[in-house]
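Asker: Structure provided below as structure tokens; questions to follow.
The values are calculated or read from the model by the stated rules, or taken from the named source; none is laboratory data. All values reported here derive from a predicted model rather than from experimental measurement. For neighbour counting, all protein chains shown are included, and Cβ atoms are generated from backbone atoms with ideal geometry for every residue, glycine included. The area values use the complete protein model at the heavy-atom level, side chains included, leaving out ligands, DNA and RNA. Shrake-Rupley method; radii C 1.70, N 1.55, O 1.52, S 1.80 Å.
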2 protein chains.
Amino acid sequence: MSNFSTISQASRFTDVSNLSDNAWRQHGSLWSNLRQVCELLSIPAPVTVDDEDTLFQHVRFKAGQRIHRIGQAFDTLYIVNSGFLKTVHIDEYGNEQVLSFPMKGDLLGIDGIHKQHYASEAIALSDCDIILLPYKAFTSLGRTHVELEQAMFSVMSREIVREQMMISMLSALSAEAKVARFLTNLGERFNQMGYSGRSFNLRMTRQEIGSYLGLTLETVSRTLSALNELGMISVEQREINLLDPVALKTLRRLPPAKARIKVAEKVSALVNKNLLPQWNGELAAAMN
Amino acid sequence: MSNFSTISQASRFTDVSNLSDNAWRQHGSLWSNLRQVCELLSIPAPVTVDDEDTLFQHVRFKAGQRIHRIGQAFDTLYIVNSGFLKTVHIDEYGNEQVLSFPMKGDLLGIDGIHKQHYASEAIALSDCDIILLPYKAFTSLGRTHVELEQAMFSVMSREIVREQMMISMLSALSAEAKVARFLTNLGERFNQMGYSGRSFNLRMTRQEIGSYLGLTLETVSRTLSALNELGMISVEQREINLLDPVALKTLRRLPPAKARIKVAEKVSALVNKNLLPQWNGELAAAMN
DNA sequence: CGTTTGATTGATATCGCTCAACTTTCGTGG
DNA sequence: CCACGAAAGTTGAGCGATATCAATCAAACG
């Protein structure tokens, strides 16, 4: 912060005066250098770069604010430094389709490169701290730092792979499997961020989860209740505990409702006997 | 072809001796220059480039052959010059999930950049002519030709947008709408390639369409029959005619089976009276 | 507080899957 | 060229997973 006033104005990318109205609301005066940006994206930082050479501005968004809108002219990429968001697509009838739940380290706005207009909308689910990467400036940096360009390709490729996995999941899995995977994926991401991957709380509504997974909110709610009954997780509102991550990860589909009752009884029997710290996989095996 | 022998070996990317066994089978001796490659991808060609400076080799694949495999070390991108393919993902239980149906002008292998191993598998559905773009050489070209690097980002962004649309479609649409959109999308792509977008034949099985759309092959077959009954398309095996593209594009869901019979009767009445060259949209309106 | 938004749960409808029989097409070798 | 088998496609019957509609409950919030 002390070095803030020592930086020449010309060296800072993104003049705040270019920002859309929403972005104005609340912006701290934080700046990050290229090294910090690379670390956030978990890509190798160019060794050749002077830390104070190029700085990227942070902007704060409050829950509910939009980072960018569909159709808005594209000129900057965004990195999430803290907070939680959703990206959505609005179809021709105005229905909202959730595409992703970005969080720390994720890159936003890539879909705007192609047509030079954002193809999706990013909305803060909590207060967020976002780093602005003016696209032009960033790619010209890539030309002087080869590793950076490679990293950019790599990040975009990763996004493509992620979406491929999403497509597979949507078209092949049952509702239970979708919800179970959603939870374990979230857990893994929290882990990577240094938080607990077993115990966390959801930042999104059942409605948003359902949209993301191609299910109705009722089905999401029922499925969470069922996984709770089975002892694989515990849920209370948005508070989640993954009790049997192994079973969750390998779950394909729940046994039919009648059989499920038996399993649930077996579970509660175990609970009553105070056996049940971590009986991982037992259920998973019981239900192919 | 005549200029083939005049090109110094050093200027040609991709020594054939590096290719996997499958790629060996049948390769013509065609080469394309950068200008041709850019045209195929419909991106602006760098003005600064010498046409004979850099050449990219073509390789021919027979129907059924694999262009690349999952897990195989990544080192080259592929452009489809002619022919039809599918890309698939194999899940942990060996089930095949179709991800896309690449054709002329499409870029393959992008998903390999991230982990330096292909994340999907590309298989020829017909005899294909594929251009090899050795990744390293191609990106280093991008460094000397700025427009090329931009174009690469643009193509990857386009792919991300395409997958986003796919996700929306998979999680929001009914079976009928999926199939209807699949057909109109195919038609539009054939149009762009200069073929008829109304009359074409499918290069893939019902099974593959179903996998792509998250449906069973039976549902695909039944839906095609239903659209045929309604006069929106005509189908016979893999021969498709789009009779009412407008209705197809806006179709959300078919009316319930009983109501459908009435509509079908109405249609056949029209047919019998020999009214029905192009009654576009009438049905679309009849079924919200 | 009262109001609003989100979550849970139940009853019922229905879309798409599964299983199965049959037909058609196509490739291959006698 | 035909015969055969394999693969692809069609169609039907029945069922089950998920959506829809609706009522209630809990939490958030001014």
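Asker: I'm told B:L283 meets every condition in (1) surrounded by fewer than 18 Cβ atoms within 10 Å (Cβ to Cβ); (2) assigned to a helix (DSSP H, G or I); (3) modelled with pLDDT under 95 except one. Can you identify the failing condition by its number?
Answerer: It fails just one condition, (1).
Asker: Please count how many residues of segment A:79-110 are aromatic (F, W, Y) and either touching a Cys at 6+ places or on another chain (Cβ under 9 Å) or over 17 Å from B:V161 (Cα atoms) (or both).
Answerer: 2
Asker: Can you work out which of the residues in segment A:171-181 that are in a helix (DSSP H, G or I) and not basic (K, R) is nearest to DNA strand D (Cβ to nearest atom)?
Answerer: Among those that are in a helix (DSSP H, G or I) and not basic (K, R), it is A:A175.
Asker: So B:V146 ticks every box in (1) at pLDDT 90 or above; (2) facing chain A (nearest Cβ under 9 Å) but one. Which box is left unticked?
Answerer: Of (1) at pLDDT 90 or above; (2) facing chain A (nearest Cβ under 9 Å), only one is false for B:V146: (1).
Asker: Need at least 2 residues that are within 12 Å of another protein chain (Cβ to nearest Cβ) per element, so show me which strands (runs of 3 or more DSSP E) inside segment B:27-137 make the cut, counting only ones lying wholly within it.
Answerer: Details: elements: B:31-33, B:55-61, B:66-68, B:76-82, B:85-90, B:96-100, B:121-124, B:128-134.
Answer list for segment B:27-137: B:85-90, B:96-100.
Asker: Going by what's in this entry, would B:Y212 be described as within 16 Å of DNA strand D (Cβ to nearest atom) and aromatic (F, W, Y)?
Answerer: Yes, satisfied.
Asker: On the given criteria, is B:V220 under 30 Å from B:G94 (Cβ atoms), in a helix (DSSP H, G or I) and within 14 Å of chain A (Cβ to nearest Cβ)? Working first, answer last.
Answerer: On the way: under 30 Å from B:G94 (Cβ atoms): yes; in a helix (DSSP H, G or I): yes; within 14 Å of chain A (Cβ to nearest Cβ): yes.
Here the answer is yes, as B:V220 does meet what is asked.
Asker: Next question. Output the residue which, of all residues in segment A:182-209 that are within 14 Å of chain B (Cβ to nearest Cβ) and under 14 Å from the mean Cα position of the chain (by Cα), is farthest from DNA strand D (Cβ to nearest atom).
Answerer: A:T184
Asker: Given the condition near DNA strand D (Cβ under 8 Å from one of its atoms), surrounded by fewer than 21 Cβ atoms within 10 Å (Cβ to Cβ) and at pLDDT below 95, answer yes or no: does some residue in segment A:225-237 qualify?
Answerer: Checked segment A:225-237: at least one residue is near DNA strand D (Cβ under 8 Å from one of its atoms), surrounded by fewer than 21 Cβ atoms within 10 Å (Cβ to Cβ) and at pLDDT below 95.
Asker: B:Q164 passes all but one of (1) within 14 Å of chain A (Cβ to nearest Cβ); (2) touching a residue at least 60 places away in the same chain (Cβ under 8 Å); which number fails?
Answerer: Of everything listed in (1) within 14 Å of chain A (Cβ to nearest Cβ); (2) touching a residue at least 60 places away in the same chain (Cβ under 8 Å), B:Q164 misses just condition (2).
Yes/no matrix, rows are residues, columns are (1) closer than 14 Å to B:R238 by Cα; (2) modelled with pLDDT under 95; (3) more than 14 Å from DNA strand C (Cβ to nearest atom):
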{"position": "B:S174", "(1), (2), (3)": "no, no, no"}
{"position": "B:N185", "(1), (2), (3)": "no, no, yes"}
{"position": "B:E188", "(1), (2), (3)": "no, no, yes"}
{"position": "B:M193", "(1), (2), (3)": "no, yes, yes"}
{"position": "B:I209", "(1), (2), (3)": "yes, no, no"}
{"position": "B:L215", "(1), (2), (3)": "no, no, no"}
{"position": "B:T219", "(1), (2), (3)": "no, no, no"}
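Asker: Continuing with the same structure: Is there any pair linking a residue in segment B:201-212 that is open to solvent by less than 20 Å² (accessible area, probe 1.4 Å) to one that is more than 11 Å from DNA strand C (Cβ to nearest atom) and among the basic types (K, R), with Cβ under 8 Å and at least six apart or on different chains, and which?
Answerer: Pairs that qualify, where the first residue is open to solvent by less than 20 Å² (accessible area, probe 1.4 Å) and the partner is more than 11 Å from DNA strand C (Cβ to nearest atom) and among the basic types (K, R), are B:M204/B:K86.
Asker: Could you tell me which numbered condition A:V59 fails, if it satisfies all but one of (1) modelled with pLDDT under 90; (2) surrounded by 17 or more Cβ atoms within 10 Å (Cβ to Cβ); (3) among the β-branched types (V, I, T)?
Answerer: The number of the failed condition is (1).
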